[in-house]
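This report concerns only the one structure given below.
The values are calculated or read from the model by the stated rules, or taken from the named source; none is laboratory data. The shown structure was predicted, so the numbers you read here are calculated from the model rather than taken from an experiment. Every residue, glycine among them, receives a Cβ derived from its backbone with ideal geometry; neighbour counts consider all protein chains shown.
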Amino acid sequence: MRSVFFVLFLGTFLFANSLSEILKAGEIRIGVWNAQPPFSSFTDGKFSGFEVAMAKEIGRDIVGENGKVTLVGIDNVSERVTFLEQNKVDLVIASFTVNKEREKIIDFSMPYFAVAQGVLVNDDSVINSIESAREKVASVQKGADFAINFAQKNNIKFIEVEHVNDQYKLLKENKVDMMINDNLIVLPYPILDRKVIVPKNLRNVGASSYLAVGAPKNSPQLIKKVNSSLVKLSKKQFFIDTFRNTFEIFYRGELDPKYFLLEDIYRIFGDSDSK
């Protein structure tokens with residue numbers, strides 16, 4: 001039984017393409033979201049978005065101008081790992097958060113994006129800081145470790161619900177005092193609903209999580225090449241320019257790139273990481 005399990009486990013990534021195989025084929029397949037704007041979306045037969053532009057640049061840097069970069073649509077969270085396991089893609093660039101559990105089964109590049117927590121309240125709320133949020137009640141999503149940790153650390157009571165829509169409903173019904181989730185999730189609400197706000201002091205709170213490019217487990221050469229591409233993109237201001245052309249438009253200027261982009265890290269560590 002143990003030998004069968006070992007063979008099955010080994011076979012998970014047995015047929016993943018190595019960097020040399022990708023170069024030989026002249027094609028790299030990269031998984032991106034079908035419907036997660038402004039990261040990526042598929043409309044009228046075309047992909048567009050921040051991570052789409054990034055995928056195309058990284059792909060071209062790996063296979064060259066004469067190579068082929070094929071974008072493969074991803075519909076849900078689980079497909080990001082299974083598509084790598086089943087060799088449907090060579091890389092995944094789909095708001096992939098790095099954590100210890102995922103690092104056991106796939107490889108990650110250096111991060112390219114940071115996400116913290118944000119707090120949404122009704123426009124007549126007295127909550128405008130962490131201090132004023134203490135002892136109040138928040139809604140959080142089940143399994144949202146960063147939001148839950150932020151609430152616990154700051155003595156904020158919380159109710160766990162399944163979906164973001166459930167959080168918003170509780171807030172609108174005044175059954176909770178606030179809604180805590182990723183800042184990229186809460187910030188669009190005031191654009192659509194003038195009766196809710198994200199206070200300036202609560203737009204970027206708690207511990208940050210980091211997004212990185214995913215690759216099959218044990219792909220050191222491929223990851224090294226991706227890291228090299230990320231450094232090159234940073235040096236030519238790709239991340240800042242693309243952020244302005246995607247996120248700033250989508251969020252109506254409500255996002256400050258300094259809270260999300262990692263340009264300072266690239267400047268400090270980029271050269272040594274790319275060697």
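Could you check Asp273 against (1) surrounded by 16 or more Cβ atoms within 10 Å (Cβ to Cβ); (2) at pLDDT 95 or above; (3) of a type in the set (D, E, K, R) and say which number it fails? Asp273 satisfies every listed condition except (2).
Can you tell me which residue is farthest from Glu21 (Cα to Cα) among those in segment 235-258 that are among the polar types (S, T, N, Q) and surrounded by fewer than 20 Cβ atoms within 10 Å (Cβ to Cβ)?
Let us first name the residues in segment 235-258 that are among the polar types (S, T, N, Q), namely 237, 242, 245-246.
Narrowing the set further to residues that are surrounded by fewer than 20 Cβ atoms within 10 Å (Cβ to Cβ) leaves 237, 245.
Working: Gln237: 30, Asn245: 34 Å.
Looking at the filtered set, the residue picked out is Asn245.
When Ile30, Ile106, Ile93, Ile74 are screened for being free of Cβ contacts under 8 Å to residues at least 60 places away in the same chain and under 16 Å from the mean Cα position of the chain (by Cα), only Ile74 passes. For beta carbons closer than 9 Å, sequence separation of 6+ or different chains, a first residue in segment 235-248 that is not assigned by TED's automatic domain parsing to the domain that holds Lys56 and a second that is in a helix (DSSP H, G or I), there are no qualifying pairs. Just checking, does segment 202-212 include any residue being assigned to a helix (DSSP H, G or I) and over 21 Å from Val98 (Cβ atoms)? Yes, segment 202-212 has at least one match.
Matching residues to (1) surrounded by fewer than 17 Cβ atoms within 10 Å (Cβ to Cβ); (2) closer than 27 Å to Leu19 by Cα; (3) aliphatic (A, V, I, L, M); (4) out of contact with any strand residue (DSSP E or B) (no Cβ under 8 Å at 6 or more places or on another chain):
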site	(1), (2), (3), (4)
Asp75	yes, yes, no, no
Ser95	no, yes, no, no
Asp124	yes, no, no, yes
Ile159	yes, no, yes, no
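Among the residues of segment 98-121, which ones are surrounded by fewer than 18 Cβ atoms within 10 Å (Cβ to Cβ) and farther than 16 Å from Ile223 by Cα? Listed by number, the residues that qualify are Asn99, Lys100, Glu101, Ala114.
Confirm whether Val176 is surrounded by fewer than 19 Cβ atoms within 10 Å (Cβ to Cβ) and not acidic (Asp, Glu).
Values: surrounded by fewer than 19 Cβ atoms within 10 Å (Cβ to Cβ): no; not acidic (Asp, Glu): yes.
Considered against the rule, which asks whether it is surrounded by fewer than 19 Cβ atoms within 10 Å (Cβ to Cβ) and not acidic (Asp, Glu), Val176 comes out as no.
Looking only at residues of segment 179-198 that are in contact with a helix residue (DSSP H, G or I) (Cβ under 9 Å, 6 or more places away or on another chain) and not aliphatic (A, V, I, L, M), we find that the one that is surrounded by the fewest Cβ atoms within 10 Å (Cβ to Cβ) is Lys195. Annotation: Leu261 fulfils all but one of (1) touching a residue at least 40 places away in the same chain (Cβ under 8 Å); (2) surrounded by fewer than 19 Cβ atoms within 10 Å (Cβ to Cβ); (3) assigned to a loop (DSSP other than H, G, I, E, B); (4) not aromatic (Phe, Trp, Tyr); the unmet one is (2).
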